[in-house]
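K.L.:
Here it is, the structure, as structure tokens.
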Amino acid sequence: MQDMQMGLNQTVLHCRSMVRVRADRSQEVVPNGCMVLILCGRQSSDPSDMESCFTWELLAIAIAELVSQGLIDKDKLDTFNVPSYFPLLEELKDIVERDGSFTIDHMEGFELDSLQMQENDKWVRREKFAKVVRAFIEPIISNQFGHEIMDKLYDKFTHIVVSDLEAKLPKTTSIILVLSKIDG
């Protein structure tokens with residue numbers, strides 16, 4: 001029940017955030033102007049499904065190991081929070097329609113096989129995945145825990161991805177949203 005409530009809270013926070021971002025951008029877009037958004041999304045109706053949480057779950061394991069080794073302060077872990085939400089197409093459509101600042105010209109969701117997923121060797125594929133994750137998450141992590149632990153953290157993360165993970169890396173879902181500002 002608590003997980004379901006947390007998921008609902010994340011949905012509400014995401015919707016509010018999307019409305020705020022679009023409202024801010026709406027003031028910058030000329031009447032009948034266009035805005036294109038490319039977002040991470042999901043296809044499962046469950047926001048806690050592995051496709052949404054996969055990367056963060058593995059990072060949590062790696063961070064917890066470094067905390068247990070005394071390399072990361074537990075207090076820093078306790079105050080670390082990265083609200084992350086991957087919306088459904090229907091949720092985005094509902095947000096845009098309720099806001100009323102834009103019309104939807106095109107909306108499409110699709111699964112991606114990233115370049116690292118096209119690699120035949122599963123070890124190489126997983127090492128590439130770990131590098132991609134580091135590239136986009138390192139600024140967030142290093143800001144909270146310090147830059148000095150980054151190599152150890154990503155060595156641990158890569159080890160978890162390469163050695164301990166039996167499951168296939170999930171595909172990612174992207175959403176392209178083309179909006180036109182309503183004149184007025």
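The values are calculated or read from the model by the stated rules, or taken from the named source; none is laboratory data. Model, not experiment: these values are computed from the prediction. For neighbour counting, all protein chains shown are included, and Cβ atoms are generated from backbone atoms with ideal geometry for every residue, glycine included.
K.L.:
Tell me, yes or no, whether region 63-70 has at least one residue that is loosely packed, with under 15 Cβ neighbours inside 10 Å and at pLDDT below 85. If you could, list the steps in order and put the result at the bottom.
P.N.:
As a first pass, look at region 63-70 and keep what is loosely packed, with under 15 Cβ neighbours inside 10 Å: 64, 68-70.
Those still in the list that are at pLDDT below 85 too: none.
The answer is no, given that none of the residues of region 63-70 is loosely packed, with under 15 Cβ neighbours inside 10 Å and at pLDDT below 85.
K.L.:
A further question follows. Yes or no: Val82 among the aliphatic types (A, V, I, L, M), surrounded by fewer than 17 Cβ atoms within 10 Å (Cβ to Cβ) and at pLDDT below 90? Break it down stepwise before answering.
P.N.:
On the way: among the aliphatic types (A, V, I, L, M): yes; surrounded by fewer than 17 Cβ atoms within 10 Å (Cβ to Cβ): yes; at pLDDT below 90: yes.
For Val82, the condition - among the aliphatic types (A, V, I, L, M), surrounded by fewer than 17 Cβ atoms within 10 Å (Cβ to Cβ) and at pLDDT below 90 - is met.
K.L.:
Does Ser44 meet the test of being at pLDDT below 85, among the polar types (S, T, N, Q) and part of a helix (DSSP H, G or I)?
P.N.:
Criteria not met by Ser44.
K.L.:
Taking the condition surrounded by 13 or more Cβ atoms within 10 Å (Cβ to Cβ), touching a Lys or Arg at 6+ places or on another chain (Cβ under 9 Å) and modelled with pLDDT under 90, does Glu127 pass?
P.N.:
Numbers: surrounded by 13 or more Cβ atoms within 10 Å (Cβ to Cβ): yes; touching a Lys or Arg at 6+ places or on another chain (Cβ under 9 Å): no; modelled with pLDDT under 90: yes.
So Glu127 does not fit the description; no.
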